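Report on the following structure.
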Amino acid sequence: MTTTTQPHSKEHSDPDWVSMLLNECDPDEHLHTIVRDAAKLFKAPIVMINLLSAETVTFKACIGQVAGDSLDRDGSFCDVALSQDSTLNIVDASQDPQFKDFVLVTNELQIRSYFGKALHAPDGSRIGTLCVLDSKPRAYTSAESEVLSHFAEIAEAELRAILRKIPKGGTTPLLPSFA
């Protein structure tokens, strides 16, 4: 089942949170563990945790072969997923008028299925996605949506932990330890 969405807005992603996470932290072993475990559980070739700035989708943790470390936000699955409260489950993007011209569908990866969930900053703003991609059409169940949501909660907790470690003004953590 493909989920059709209303036009999305860049307002969903908070540039301050995204900027801090992109500029102030190195690749994170815990985020990598999340995508590795999700890839095993979903038996998927590509799983990513992405952060979305106003113009770009940056791959923060990735399992699978994806060229580069980012792509344009416009025309990305993650931009659509960011605008949703529930998981975005695209069974076959090549057959869907909304998604068939997206770069990951038309490039050498030939992505067909996308399964993604928005990630939230501590203030509730949507800043990224946890997503599962496959070159074969694939429908995910409601039970799998719950599992993806649990992985997203773990990713959000790890992003909060990373933010706590980033000094504000170089002297104190950004967030208190109980956040």
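Structure values in brief
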{"quantity": "Restricting the range 37-92 to residues that are without any contact (Cβ under 8 Å) to a residue 60 or more places away in the chain and of a type in the set (Ser, Thr, Tyr), the residue that is farthest from GLY124 (Cα to Cα)", "calculated": "SER70"}
{"quantity": "Where a residue in the range 142-160 is touching a residue at least 60 places away in the same chain (Cβ under 8 Å) and within 25 Å of VAL91 (Cβ to Cβ) and its partner, wherever it lies, is among the basic types (Lys, Arg) and surrounded by 14 or more Cβ atoms within 10 Å (Cβ to Cβ), with Cβ under 7 Å and at least six apart", "calculated": "LEU148/LYS117; SER149/LYS117"}
{"quantity": "Within the range 120-147, tally of residues that are assigned to a strand (DSSP E or B), of a type in the set (A, V, I, L, M, F, W, C) and at pLDDT below 95", "calculated": "1"}
{"quantity": "Subset tally (residues that are buried (at least 16 other Cβ atoms within 10 Å of the Cβ) and part of a loop (DSSP other than H, G, I, E, B)) for the range 65-74", "calculated": "2"}
{"quantity": "Criterion violated by SER86 - all others in (1) within 22 Å of ALA155 (Cα to Cα); (2) surrounded by 16 or more Cβ atoms within 10 Å (Cβ to Cβ) satisfied", "calculated": "(2)"}
{"quantity": "Of all residues making up the range 86-100, the number that are of a type in the set (Gly, Ala, Ser) and farther than 20 Å from LEU130 by Cα", "calculated": "1"}
{"quantity": "Among (1) among the β-branched types (Val, Ile, Thr); (2) within 16 Å of HIS120 (Cβ to Cβ); (3) at pLDDT 85 or above, the one test that VAL18 misses", "calculated": "(3)"}
{"quantity": "Number of the exception - PRO173 against (1) modelled with pLDDT under 95; (2) closer than 26 Å to GLU55 by Cα; (3) not aromatic (Phe, Trp, Tyr)", "calculated": "(2)"}
{"quantity": "Residue count, the range 89-115 (criterion: surrounded by 14 or more Cβ atoms within 10 Å (Cβ to Cβ) and assigned to a helix (DSSP H, G or I))", "calculated": "6"}
{"quantity": "Every residue from the range 39-58 that is at pLDDT below 90 and farther than 17 Å from GLU156 by Cβ", "calculated": "SER53, ALA54, GLU55, THR56, VAL57"}
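The values are calculated or read from the model by the stated rules, or taken from the named source; none is laboratory data. Quick caveat, the model's predicted, so the values are computed rather than measured. Reconstructed Cβ throughout: ideal geometry from the backbone, glycine too, with neighbour counts over all protein chains shown.
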